[in-house]
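Step one of this worksheet: look at the structure below.
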Amino acid sequence: MRTRPTLTLAAAAVALLLAACGSASEDTAQPGGPAATASVSPPPSTPVTASPTGTAPAAGDTMAAGAYLTRAEYESRMAERQGTKVVYFFHASWCPTCRATEEAIARDGIPAGLTVVKVDYDSETDLRKEYGVTTQHTFVQVDPDGGELAKWTGSQDGAAILAKTV
């Protein structure tokens, strides 16, 4: 019967896709980070600068609004983002887990005091090598000098990213 080989191949393809999309947790900051599994269409590429509630910080709040920036945008605005927790998000456009996280960020925003920098997993090979990133959907928190503070996978939105920072 031909059904069994087809099902076996389909199951193998699904397992390979899940393994390649960083669904397993690789957490050096805190053990046992959650795994992301959603699949969505690509969200808009505009930076998100709202807090988790979708609003800017209240008047008089001295904490910088959260931001989701490309690497080029971050490099041109580093002085403005000083004092926030900076996390590189190694993102691949073909990864459903990455797209799900980006959609959640677009929907819910980034918490105040956090800057998430979208780094292209496929083209930023030198940066991947510098931080020992071996799978997309990896987050690396860096200090003001670019030194690694923490590394993990599995965060699905801005609040979860902030919760993993040190």
Applying the selection to the range 72-101, what residues are without any contact (Cβ under 8 Å) to a residue 24 or more places away in the chain and either surrounded by 21 or more Cβ atoms within 10 Å (Cβ to Cβ) or acidic (Asp, Glu) (or both)? Glu75, Glu80
Taking the range 137-154 and keeping only residues that are within 11 Å of the chain's Cα centre (by Cα) and either part of a loop (DSSP other than H, G, I, E, B) or farther than 18 Å from Asp120 by Cβ (or both), one is left with His137, Gln141, Trp152, Gly154
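Do you know which residues across the range 112-136 are in contact with a strand residue (DSSP E or B) (Cβ under 9 Å, 6 or more places away or on another chain), assigned to a loop (DSSP other than H, G, I, E, B) and at negative phi? Spell out how you get there, then give the answer.
Restricting attention to the range 112-136, the residues satisfying the condition of being in contact with a strand residue (DSSP E or B) (Cβ under 9 Å, 6 or more places away or on another chain) are 113-121, 124, 127-128, 130-133, 135-136.
The next check asks that each one be assigned to a loop (DSSP other than H, G, I, E, B); those that pass are 113, 121, 124, 132-133, 135-136.
Matches in the range 112-136: Tyr121, Glu124, Val133, Thr135, Gln136.
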Can you name every residue in the range 62-103 that is under 11 Å from the mean Cα position of the chain (by Cα), under 22 Å from Val166 (Cβ atoms) and in a helix (DSSP H, G or I)? Thr101
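Given the criteria within 20 Å of Ser76 (Cβ to Cβ), among the hydrophobic types (A, V, I, L, M, F, W, C) and in contact with a His (Cβ under 7 Å, 6 or more places away or on another chain), does Val142 qualify?
no
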Looking at Ala50, Ala59 in this structure, which one is modelled with pLDDT under 95, on the phi < 0 side of the Ramachandran plot and either assigned to a helix (DSSP H, G or I) or surrounded by fewer than 14 Cβ atoms within 10 Å (Cβ to Cβ) (or both)? Ala59
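The values are calculated or read from the model by the stated rules, or taken from the named source; none is laboratory data. Computed from a predicted model, the values in this text were never measured in an experiment. Neighbour counts run over all protein chains shown; Cβ positions are idealised from the backbone, glycine included.
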